[in-house]
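The values are calculated or read from the model by the stated rules, or taken from the named source; none is laboratory data. In this text, all values refer to a predicted model and were calculated from it rather than measured experimentally. Cβ atoms come from the backbone with ideal geometry, glycine included; neighbour counts cover every protein chain shown. These accessible areas exclude ligands, DNA and RNA; they are computed on the full protein's heavy atoms, side chains included. Shrake-Rupley method; radii C 1.70, N 1.55, O 1.52, S 1.80 Å.
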Amino acid sequence: MTRSDLVEELAARFAQLTHRDAELAVKTVLDAMSDALVKGHRIEIRGFGSFSINRRPPRVGRNPRSGESVHIPEKRVPHFKPGKALREAVDAGTLAQAKKTPKAKA
């Protein structure tokens, strides 16, 4: 699902929201989440999951072409951990989908 798909879904589900209002709502939520992560805060959405920042320590890597050692600085990267309800829903959906698809005979 893309951002525009999410906007379309919101506008379709809630008749009182115009397309422009739905777009503004999605943009506002995503901007607030991005700002919180940039500041180093953790975001937790019960039943869905949590977003946090992981630290990757500095290390020495290798240039694949020359084999030369290259210093790679420390990085902060976003990390998503799905909640239990989301994991179970995805797993149940995967099992249901597997039961629906016919198995190919060899």
Nearest 20 debye, what's the magnitude of the dipole of the chain about its Cα centre given +1 on Lys and Arg Cβ and -1 on Asp and Glu Cβ? 680
Which value, in debye to the nearest 20, describes the size of the charge dipole of the stretch 45-91 about its Cα centre when Lys and Arg Cβ atoms bear +1, Asp and Glu Cβ atoms bear -1, and nothing else is charged? 120
Choose one of Pro78, Gly67, Leu37: the residue whose Cα lies farthest towards the positive end of the charge dipole of the chain (beta-carbon charges +1 Lys, Arg; -1 Asp, Glu; about the Cα centre). Gly67
Per residue of the stretch 93-98, what does 6.51 cos²θ - 1.76 cosθ + 1.60 with θ = phi - 60° give for ³J(HN,Hα)? Whole Hz please, x for Gly and Pro, Karplus curve as stated. x, 5, 5, 5, 5, 5
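Using a 1.4 Å probe, what is the accessible area per residue for the chain, in Å²? Write down the numbers at each step before the final one.
On the way: 9130 Å² over 106 residues.
Accessible surface, normalised per residue, equals 86 Å².
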Using Cα positions and a limit of under 16 Å, work out the aspartates and glutamates in reach of Lys100, with same-chain residues fewer than 8 apart set aside. Asp91
What is the P(r) of the chain, as percent of Cα-Cα pairs per 5 Å bin from 0? 2, 10, 10, 11, 14, 14, 11, 10, 9, 6, 2, 1, 0
Given backbone amide H placed at 1.01 Å from N, residues whose amide H is under 5 Å from that of Gly49, ignoring those fewer than 5 places away on the same chain, are Gly83
Once you've got the GNM for the chain with C-alpha springs shorter than 10 Å, pick whichever of Ser50, Ser34, Ser66 has the biggest mean-square fluctuation. Ser66
Loop-located GluC sites (Glu not before Pro) in the stretch 1-104, at most 12 other Cβ atoms within 10 Å (DSSP): Glu68, Glu74
